[in-house]
């Protein structure tokens, strides 16, 4: 079993008709969209969303994406998508769990890894930029404060 991250955010998604195939099952590529929505919510919570990334001069492309499907999501189903912050010092690693919002049954597990790239010169950073880690540390401090 995977450990939870130091911070987590959950969102809910109701599977729309345009995300399913003729069998009313979510097409596999749409799961990535649900991960993105959860990742954006987590980054908003941290205070380092995509707008802030751009302002600080770093892009964060995904360099690794892994998905493991256990059960299919279906049209109209209410999903809970949980994003857990796992690593941030040298790269941004997030684990995800997609579950049925009513039964709690796990449908999918996923993870993404992103690395900082300097926008001006396109160079990959071997450690996360200080401005990013400072934002994470500030958010963690708020969590641990009484």
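The values are calculated or read from the model by the stated rules, or taken from the named source; none is laboratory data. As the structure is a computational prediction, the values presented were derived from the model and not from experiment. In this analysis, Cβ positions are derived from the backbone assuming ideal geometry, glycine residues included, and neighbour counts consider all displayed protein chains.
Sort out which residues of the range 72-105 are surrounded by 13 or more Cβ atoms within 10 Å (Cβ to Cβ) and either outside any strand (DSSP E or B) or out of contact with any strand residue (DSSP E or B) (no Cβ under 9 Å at 6 or more places or on another chain) (or both), and write them in order of number.
Residues satisfying the conditions are 72, 73, 75, 77, 88, 90, 91, 101.
Among (1) at pLDDT 95 or above; (2) loosely packed, with under 13 Cβ neighbours inside 10 Å, where does residue 145 come up short?
Unmet condition: (1).
Would you say residue 140 is farther than 23 Å from residue 45 by Cα, modelled with pLDDT under 95 and either under 18 Å from the mean Cα position of the chain (by Cα) or not in a strand (DSSP E or B) (or both)?
No, not satisfied.
Here is a check on your reading of the model: is residue 68 in a strand (DSSP E or B), within 19 Å of residue 13 (Cα to Cα) and in contact with a strand residue (DSSP E or B) (Cβ under 6 Å, 6 or more places away or on another chain)?
yes
Quick one: is residue 41 surrounded by 15 or more Cβ atoms within 10 Å (Cβ to Cβ) and either in a helix (DSSP H, G or I) or free of Cβ contacts under 8 Å to residues at least 12 places away in the same chain (or both)?
For residue 41, the condition - surrounded by 15 or more Cβ atoms within 10 Å (Cβ to Cβ) and either in a helix (DSSP H, G or I) or free of Cβ contacts under 8 Å to residues at least 12 places away in the same chain (or both) - is met.
Among the residues of the range 109-123, write down those that are within 12 Å of residue 57 (Cα to Cα) and surrounded by 12 or more Cβ atoms within 10 Å (Cβ to Cβ).
Within the range 109-123, the first condition is being within 12 Å of residue 57 (Cα to Cα), and the residues that meet it are 116-123.
If the condition is that a residue be within 12 Å of residue 57 (Cα to Cα) and surrounded by 12 or more Cβ atoms within 10 Å (Cβ to Cβ), then 116, 117, 118, 119 are the ones that fit.
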